[in-house]
1. Looking for whichever is modelled with pLDDT of 90 or more and either touching a Ser or Thr at 6+ places or on another chain (Cβ under 8 Å) or assigned to a loop (DSSP other than H, G, I, E, B) (or both) here; the options are Lys133, Lys148. Which one fits?
2. Could you list, in sequence order, the residues of segment 95-108 that are touching a residue at least 24 places away in the same chain (Cβ under 8 Å) and either in contact with a Gly (Cβ under 9 Å, 6 or more places away or on another chain) or part of a helix (DSSP H, G or I) (or both)?
3. Over 22 Å from Ile119 (Cα atoms), out of contact with any helix residue (DSSP H, G or I) (no Cβ under 6 Å at 6 or more places or on another chain), exposed (fewer than 14 other Cβ atoms within 10 Å of the Cβ) and of a type in the set (A, V, I, L, M, F, W, C) - does that describe any residue in segment 44-53?
4. Could you list all residues from segment 122-157 that are within 19 Å of Ser60 (Cα to Cα), loosely packed, with under 14 Cβ neighbours inside 10 Å and among the hydrophobic types (A, V, I, L, M, F, W, C)?
5. When you look at Glu158, is it within 21 Å of Glu43 (Cα to Cα), over 17 Å from the mean Cα position of the chain (by Cα) and in a loop (DSSP other than H, G, I, E, B), yes or no?
6. Within segment 100-122, is there a residue that is among the aromatic types (Phe, Trp, Tyr), closer than 15 Å to Thr146 by Cβ and at pLDDT below 95?
7. From Ser67, Ser60, which residue is under 19 Å from Met149 (Cβ atoms) and exposed (fewer than 14 other Cβ atoms within 10 Å of the Cβ)?
Amino acid sequence: MNHEDLKDLRAEFDKFVQEKCTIDPEGELHTQNPDGGDAVDEEPVPQFVDALTSKLLAPSISGVYLSRIDIKRVAEGIDESIPIKERIKMVRALFRHTTKKKYLEDAFNEIDKHINGRILIYTELSEAFPSSKPIFDEHIEKAKKTMKMFDTIIADFEEIEPTSDPLMI
């Protein structure tokens, strides 16, 4: 095959894919705003959320990696439903409307379960590979420190009552 034959074959293939393999043959998806739902992501969140996300989602600080699926499972564990997006947006969505300590306790207990699962894995790996034990021990220490941070956030959290609106005074 020469170069022209390849170009013709490529053009024919592209045409086939466009006509037969697309879910949007009219090209309507490109005219819609794919980030239209992101306006919700820009809503204000409680003060602790930004500090929490910067520490919790950084494995070098928290000692663990929480995936989008982990965050989704945390939400499901407390009967919340959040869409799968970027991890930071998911955490913000999880805590956006937090008004009660009980909600925080429940959410952090679910996150603790995931972190404890990672600690168990790290412990097993450090036993299976003794030369790596110092590395896993460091991650375990960071993970435990992260869980203590949750207790501090809960202790410092002030519940918001529906009548606490300063404009209602």
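The values are calculated or read from the model by the stated rules, or taken from the named source; none is laboratory data. Note that the structure is a prediction, hence the values are computed from the model and not measured. Reconstructed Cβ throughout: ideal geometry from the backbone, glycine too, with neighbour counts over all protein chains shown.
1. The conditions single out Lys133.
2. Within segment 95-108, the subset touching a residue at least 24 places away in the same chain (Cβ under 8 Å) is 95-96, 98-101, 103-108.
Hits for segment 95-108 are Phe95, Lys101, Tyr103, Leu104, Glu105, Asp106, Ala107, Phe108.
3. yes
4. Ile135 - this is the single residue of segment 122-157 that is within 19 Å of Ser60 (Cα to Cα), loosely packed, with under 14 Cβ neighbours inside 10 Å and among the hydrophobic types (A, V, I, L, M, F, W, C).
5. It is true that Glu158 is within 21 Å of Glu43 (Cα to Cα), over 17 Å from the mean Cα position of the chain (by Cα) and in a loop (DSSP other than H, G, I, E, B).
6. So the first thing to find is which residues in segment 100-122 are among the aromatic types (Phe, Trp, Tyr), and the list is 103, 108, 122.
Still in the list and also closer than 15 Å to Thr146 by Cβ: 108, 122.
Restricting the remaining residues to those that are at pLDDT below 95 gives none.
Taking every residue of segment 100-122 in turn, none turns out to be among the aromatic types (Phe, Trp, Tyr), closer than 15 Å to Thr146 by Cβ and at pLDDT below 95.
7. Selected residue: Ser60, the only one of Ser67, Ser60 that is under 19 Å from Met149 (Cβ atoms) and exposed (fewer than 14 other Cβ atoms within 10 Å of the Cβ).
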